[in-house]
Amino acid sequence: MSDAAAAAVHRLLPEHHDQLSLIEAPGDGDSFRIEGTTITGTSPSVLLTGVHWYLTRVVGVSVGWPGDSLNRLPRHLPASPLIVREAVVRHRFALNDTDDGYSGPYRDWRTWERHLDLLALHGINEVLVTVGTEEVYRRAFVELGCADEDLRAWMPSPGHQPWWLLQNMSGYTGPVSPELLESRVELAQRIVSRLRSLGMTPVLPGYFGTVPPGFASEARVITQGSWVGFQRPDWLDPRDPMFERAAEAFYRHQIELFGETSMVKMDLLHEGGTSGDVPLGDAVRRVQAALRKARPGATWVVLGWLDNPVRELLEAADGLLIVDGVADRHPGLDRDAQWNGVHYCFGTIPNFGGHTTMGANTGVWVSRFPRWRDGRSLDGIAYMPEGTGTNPAAFTLFTELAWHDDRMDHAEWFAAYAHRRYGGADPHAARAWEILRRTAYDLPADGWSEPQDSPFLARPTLDAANVATWSPPAPRYDLTAFAAALGELLQVDADLRGTSAYRFDLVDVARQSLTNRSWMLLPAIRAAVENGDLARFRSLAATWLDDMQLLDRLVATSPHFLLGRWLADAWAAAADEEEAARLEHDARSILTTWGPRAASEELHDYANRELAGLVQDFYAMRWRRYFATVERSLISGQPPEVIDWFAVEDAWARGRERYPDHPVGDSYTVAAEVHARLGEGLEA
């Protein structure tokens, strides 16, 4: 028996774990076998995948991210007929480069432990780990002559660190304290240790030339200019002798801190970086040579995103693995031809910035993945939302792709999911999930991979549509059809409502239904203003703000939608009050302004989320202020005053108000209020 797998089952099933027998039996490929209550698997993580399969297919309960129905387990677990499953692809990769910023930069070990268990239960075997890399850089460049204090000032705080590691920005929300560096190293060491004990691969960042300001005056450094207003870190020419020294120091310290790995993730010159007069092919060969010297045989993982990977990279490197971030986003893709036969993972980024919006291109997944698997180079899946812990149905379906040797039936899968999600068959749950399947979870490959934002969260304007600059500008499914799912969920049998899965879904669907109403309400407000109808404007604006207040009350009932928890994690990571203020600003700004004024013009509200406290004190605050200017304009006949939104937003992002970190109110009661509100007219 695997000790690591057994410990995970004990955490998952504290009252039932001793009813299951786990047997590790290594073999070619990854597979598990279930018979009776014995589960055999080729690695500890595959054993956990077998446990999850047993729970869903035999017992009829689920473990989602978030929400489960484990309180529906019978006292005695049933025996299973023989079930054998084999992974149809080798690589089952998870997490985005931005995960540490958008999913929780101040997560503690308990939270990370739960996330790693969930990834293993869902069949993942390769996990990107960026936490702690800042200390690798610090140690390497102190050794190369840089001052410790300067290096820590160059590093952003954890919420913004992913983009520093991507060579996009530096400095903002820093400096990073020695205590924070130490605690993040300890956290990363626990993460990689747990992954190895489960037979999973920690995928660590590689070194491709990032250097701090003023590095080695004799070295040849290519300045990288700016990225949406931020100063990008410089890039050391990989042909320069200093590159080999820097790479050797980086990898040596990384190995000392975090040990060996067979997979390294890096993307040269990300999102607008320039190679200057350096031939890119030469640079790629030098970067790979340094990697192979430090980590012989390691696979170089690159992201498929925008124009990445470029032709020169594909031609100069060998042994690459591309994790395709947009396999479901565009029509007419041919990755075998486009990437010259380089092995890749069918991947998705179904969530940007940790948006709370529901939906994904799941119909594209189930049709496209089996077709592409017949090609010559697809060898994996890659689950890469920018923010995890949303859309549990999408997470479960996508990760199951790797364990089906035939095409999954979309309708049948969702019908079965509705049964096990709440731990029992229910006609209303079935109808609710069929509605959700046909609307938010059957989006096409039309250039987008996530649903629309909420106009409630937009910088106020009568024409508000997409909140983030790069979000869909209009709804991607029938909003009226979606709303019927809430009525069905409210009628689910009372015995099934006690699951955390039901409670999460009820709030999520009610939240999305109320949000969707704003798409219909805003044009009515605009029409009232254009017609000069002050009375109707006042009525509709009041309805808008009442809806936002109801939305804030709704999300306050769920532990998964609390701003207070997000901020409490930042406070807990601080060594003193000065650092607490800095880390809180890091945590607040990544959700709102994102950066200083210049950067905020493009990135404000990128991570828009409907969280209790954030809805009322930030988003509704903006709309109240805006509606007041519109009302004065209608009365005076003068144009509305111009509001400096960044100044307003930045003041909130630097605030220290406390927000509840525990739920308040009853989810069912408030969701029923939302359902009643949806049935009323827009002036209600």
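The values are calculated or read from the model by the stated rules, or taken from the named source; none is laboratory data. Predicted model, so just to flag it, every value in this text is computed and none were measured. Neighbour counts run over all protein chains shown; Cβ positions are idealised from the backbone, glycine included. Quick note on the areas: whole protein, heavy atoms, side chains included, nothing else; ligands and nucleic acids left out. Shrake-Rupley method; radii C 1.70, N 1.55, O 1.52, S 1.80 Å.
Points worth noting:
- Which numbered condition PRO559 misses (of (1) touching a helix residue (DSSP H, G or I) at 6+ places or on another chain (Cβ under 6 Å); (2) more than 20 Å from ARG622 (Cα to Cα)): (1)
- Being more than 27 Å from GLY665 (Cβ to Cβ), open to solvent by less than 40 Å² (accessible area, probe 1.4 Å), part of a helix (DSSP H, G or I) and not acidic (Asp, Glu) is a property that ALA541 lacks.
- Among the residues of the stretch 388-436, the one identified as out of contact with any Pro (no Cβ under 7 Å at 6 or more places or on another chain), among the basic types (Lys, Arg) and surrounded by fewer than 22 Cβ atoms within 10 Å (Cβ to Cβ) is ARG431.
- With respect to the conditions (1) closer than 28 Å to TRP65 by Cβ; (2) without any contact (Cβ under 8 Å) to a residue 24 or more places away in the chain; (3) of a type outside the set (Asp, Glu), THR592 falls short on a single one, namely (2).
- Residue check, ASP493 in contact (Cβ under 8 Å) with a residue 40 or more places away in the chain and closer than 25 Å to HIS604 by Cα: no
- Pairs where the first residue, in the stretch 34-62, is farther than 25 Å from ARG90 by Cβ and the second is open to solvent by 20 Å² or more (accessible area, probe 1.4 Å) and polar (S, T, N, Q), C-beta under 8 Å, 6+ apart: THR37/GLN19; THR37/SER21; THR38/SER21
- The C-beta contact set for the stretch 133-144 (first residue open to solvent by 10 Å² or more (accessible area, probe 1.4 Å), second residue small (Gly, Ala, Ser) and modelled with pLDDT of 95 or more, distance under 8 angstrom, 6+ apart or interchain) comprises ARG139/ALA249; GLU143/ALA249; LEU144/ALA246; LEU144/ALA249.
- Some residue of the stretch 47-55 being open to solvent by less than 40 Å² (accessible area, probe 1.4 Å), assigned to a helix (DSSP H, G or I) and aromatic (Phe, Trp, Tyr): yes
- Conditions (1) in contact with a Phe, Trp or Tyr (Cβ under 9 Å, 6 or more places away or on another chain); (2) buried (at least 19 other Cβ atoms within 10 Å of the Cβ): number failed by LEU333: (2)
- Pairs where the first residue, in the stretch 510-531, is more than 23 Å from ILE435 (Cα to Cα) and the second is open to solvent by 40 Å² or more (accessible area, probe 1.4 Å), C-beta under 6 Å, 6+ apart: ALA524/LEU682; ALA528/ARG536
- Taken over the stretch 268-290, the criterion of being in contact (Cβ under 8 Å) with a residue 24 or more places away in the chain and farther than 18 Å from VAL221 by Cα is satisfied by GLU271, GLN288.
- Scanning the stretch 199-215 for residues that are closer than 17 Å to ALA294 by Cα and of a type in the set (Gly, Ala, Ser) yields a total of 2.
- Any chance SER103 is of a type in the set (S, T, N, Q), within 25 Å of the chain's Cα centre (by Cα) and open to solvent by 10 Å² or more (accessible area, probe 1.4 Å): yes
- Each residue in the stretch 287-329 was checked for being open to solvent by 50 Å² or more (accessible area, probe 1.4 Å), at pLDDT 95 or above and under 24 Å from PHE398 (Cβ atoms), and 0 of them qualify.
Residue-by-condition table, conditions (1) crowded, with 21+ Cβ neighbours inside 10 Å; (2) in contact with a helix residue (DSSP H, G or I) (Cβ under 9 Å, 6 or more places away or on another chain); (3) under 27 Å from VAL127 (Cα atoms); (4) of a type outside the set (D, E, K, R):
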position	(1), (2), (3), (4)
ASP3	no, yes, yes, no
ALA8	yes, yes, yes, yes
ARG11	no, yes, yes, no
PRO26	no, no, yes, yes
ASP30	yes, yes, yes, no
GLY60	no, yes, no, yes
GLY64	yes, yes, yes, yes
PRO78	no, yes, no, yes
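- Within the stretch 276-288, being outside any helix (DSSP H, G or I) and more than 10 Å from GLY209 (Cβ to Cβ) holds for GLY276, ASP277, PRO279.
- Counting only strands (runs of 3 or more DSSP E) that sit completely within the stretch 309-410, those holding 1 or more residues that are among the acidic types (Asp, Glu) correspond to 320-324, 378-383.
- Taking first residues from the stretch 403-431 that are more than 18 Å from VAL509 (Cβ to Cβ) and modelled with pLDDT under 95 and partners that are β-branched (Val, Ile, Thr) and buried (at least 17 other Cβ atoms within 10 Å of the Cβ), the Cβ contacts under 8 Å between residues at least 6 apart in sequence or on separate chains come to ASP405/VAL88; ARG407/VAL366.
- Residue in the stretch 247-261 that is in a loop (DSSP other than H, G, I, E, B), open to solvent by 10 Å² or more (accessible area, probe 1.4 Å), under 18 Å from GLY297 (Cα atoms) and touching a strand residue (DSSP E or B) at 6+ places or on another chain (Cβ under 6 Å) present: yes
- A Cβ distance below 8 Å, combined with a sequence gap of six or more or placement on separate chains, defines the contacts here; from the stretch 643-671, residues that are in contact (Cβ under 8 Å) with a residue 12 or more places away in the chain reach residues that are in a loop (DSSP other than H, G, I, E, B) and of a type in the set (Gly, Ala, Ser) in the pairs TYR659/GLY613; PRO660/ALA556; PRO660/GLY613; PRO663/ALA556; PRO663/SER558; VAL664/ALA556; GLY665/ALA556; SER667/SER558.
- Some residue of the stretch 291-306 being basic (Lys, Arg) and without any contact (Cβ under 8 Å) to a residue 24 or more places away in the chain: yes
- Restricting attention to the stretch 365-397, the residues that are in contact (Cβ under 8 Å) with a residue 60 or more places away in the chain and under 17 Å from GLU412 (Cβ atoms) total 2.
- Any hit, the stretch 18-25, residues being in a strand (DSSP E or B) and either hydrophobic (A, V, I, L, M, F, W, C) or modelled with pLDDT under 95 (or both): yes
- Looking across the stretch 622-638, the residues that are over 12 Å from LEU462 (Cβ atoms) and without any contact (Cβ under 8 Å) to a residue 24 or more places away in the chain come down to ALA628, ARG632, SER636, GLY637, GLN638.
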